[in-house]
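Any read-out appearing in this document is the output of simple, stated calculations on the displayed coordinates, not a laboratory observation. Quantities reported herein were computed from a predicted structural model and do not represent experimental measurements. Cβ placement follows ideal geometry from the backbone for every residue including glycine, while neighbour counts extend to all protein chains displayed.
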Amino acid sequence: MHRQPPARRRGSGTLRLGLLALLVLLTGQSAAAHHSFAPFDLVREITLVGTIKEVQFTNPHVWIQVLVPDGKGGQVEWSIEAGAPGMLLRTGWKPNTLKPGDPVTIVTHPARSGATNGLLVRVTMQDGRVLGPGGPPTPLPSRD
Amino acid sequence: MGRSRSDWHPWPIASRPLCGRLRTIVPGRALLLRVSVVSALLATAVASYAPALSAQRRAVPDIWGVWMGLGGVADADPRFRNTPFPADPDFTEWGAEESRRLASPITPGECNPWSPVGLMGASGLFPIQILQGPNLIVVHHEAITQPRRIYTDGRRHPPNDELLPSFLGHSIGRWEGDTLVVDTVGTNGRTRPLNGYVSGAVNSGVDTAPRFPASDQLHLVERIRLVGAGQYLEDVIAIEDPKTYRKPFTLKRYWQRRTDIDLQEYACTDNRRRDAEGQER
């Protein structure tokens, strides 16, 4: 049903489904969603190893264009959707954190349609830094 | 992140009402030239404004500033946790049907303003900024283009036939001791569900809980106050909507004061793409 991604794939199981359901119950994040993320398979993750082609650090959502070797000497371009720029700024990103040509490892929830796009789970940079799709910033300690 | 000016005040709260009022009722030159007229005006002004002035000059809690919602923040202070929507909502027939309709992955109108419940939803994803004046409190939400205006000048809601239905409704507030009590009516019933669209944000997962619609009969009574030594804001939201729900329900929402965060621009219709399902992203 899904097109084989040109990179190594990581499986998922009922454990992950359960954890995600629990996460939703705990977080109640859905009220803040810009729109539905139903087009993505939120219980499946795949890993892409490639290089950055372009980062569109724009509203309403940041897009990361990644070139991934297809194993036949060519490259496939993936479009990876992250959160809003404000969310990313509050969680360690800068607009120029990723630059064209940067090697990256990206874990993504792939589109159900099989298209080469996905929802960002995390990106690991060459220096080992790991950044997420933009969630809550770290809270401050209580002072009372 | 460096310390920002988001907690900056243009003037001390206690001095604001007096300056504003006198400037509007006493033109400067007239005071010198036409003392008797102005005296009469002043007497009238003092008579009509004195009770309001004394009430407003009484110190009220300072809620000015940027606040970050604590929904979904795993390591937040456990005393200040948002409460969930009811697990088993008591829908009317219309409400149940509307809930099913809104459970679609296609989300038209997602760039419209949200409901006041959504704006005060206190998720950890977007901050709000409160601008607190003596007669008006304005709440900005990073992801919503429309500000929420809460009138605290003693006015009432307009009569029904003069009330323009709107996404955020008409909100009036008054201070009861340390609590800001806000009453909201006049919503247009065309907003996204109160608990957001189905199937979560970028950092959550699958969401199969029922959607909570709101009709134009939505009526909110909110009790907003500082808690946690003034570092947290609590909003207890009593929600009734007889067209949608057979009985009212209450939500509690919490934010943390953040002087280190500024609101960013959010332009919902800027760089959008259409996915394979036809949904503009």
| query | Is it the case that region A:88-96 has a residue that's in contact with a strand residue (DSSP E or B) (Cβ under 8 Å, 6 or more places away or on another chain), buried (at least 18 other Cβ atoms within 10 Å of the Cβ) and without any contact (Cβ under 8 Å) to a residue 40 or more places away in the chain? | reply | no
| request: Would you mind telling me which numbered condition in (1) crowded, with 18+ Cβ neighbours inside 10 Å; (2) in contact with a helix residue (DSSP H, G or I) (Cβ under 8 Å, 6 or more places away or on another chain) A:Thr58 fails? | output: (1)
| field | Within region B:81-122, considering residues that are farther than 19 Å from B:Glu142 by Cβ, of a type in the set (D, E, K, R) and outside any helix (DSSP H, G or I), the one farthest from the other protein chains (Cβ to nearest Cβ) | value | B:Asp90
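Within region B:213-239, how many residues turn out to be within 13 Å of chain A (Cβ to nearest Cβ) and within 12 Å of the chain's Cα centre (by Cα)?
1
How many residues does region B:228-261 contain that are basic (Lys, Arg) and not in a strand (DSSP E or B)? Talk me through it step by step, then tell me what you get.
We begin by selecting, within region B:228-261, every residue basic (Lys, Arg); these are B:243, B:246-247, B:252-253, B:257-258.
From what is left, the residues that are not in a strand (DSSP E or B) are B:243, B:246-247, B:258.
Summing the residues that are basic (Lys, Arg) and not in a strand (DSSP E or B) in region B:228-261 gives 4.
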| remark: Taking region A:54-90 and keeping only residues that are within 11 Å of chain B (Cβ to nearest Cβ), among the aliphatic types (A, V, I, L, M) and more than 13 Å from the chain's Cα centre (by Cα), one is left with A:Met87, A:Leu89
| field | Checklist (1) within 13 Å of chain B (Cβ to nearest Cβ); (2) part of a strand (DSSP E or B) applied to A:Trp93, failing item | value | (2)
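For (1) in contact with a helix residue (DSSP H, G or I) (Cβ under 9 Å, 6 or more places away or on another chain); (2) closer than 24 Å to B:Lys247 by Cβ; (3) not polar (S, T, N, Q), each residue gets a yes or a no:
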position	(1), (2), (3)
B:Arg79	no, no, yes
B:Glu98	no, yes, yes
B:Ser115	no, yes, no
B:Ser123	yes, no, no
B:Arg156	no, no, yes
B:Glu176	no, no, yes
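With a cut-off of at least 1 residues that are crowded, with 19+ Cβ neighbours inside 10 Å and among the basic types (Lys, Arg), name the strands (runs of 3 or more DSSP E) lying wholly within region B:131-190. I'd like the intermediate steps shown before the answer.
On the way: elements: B:136-141, B:144-151, B:170-176, B:179-185.
Hits in region B:131-190: B:144-151.
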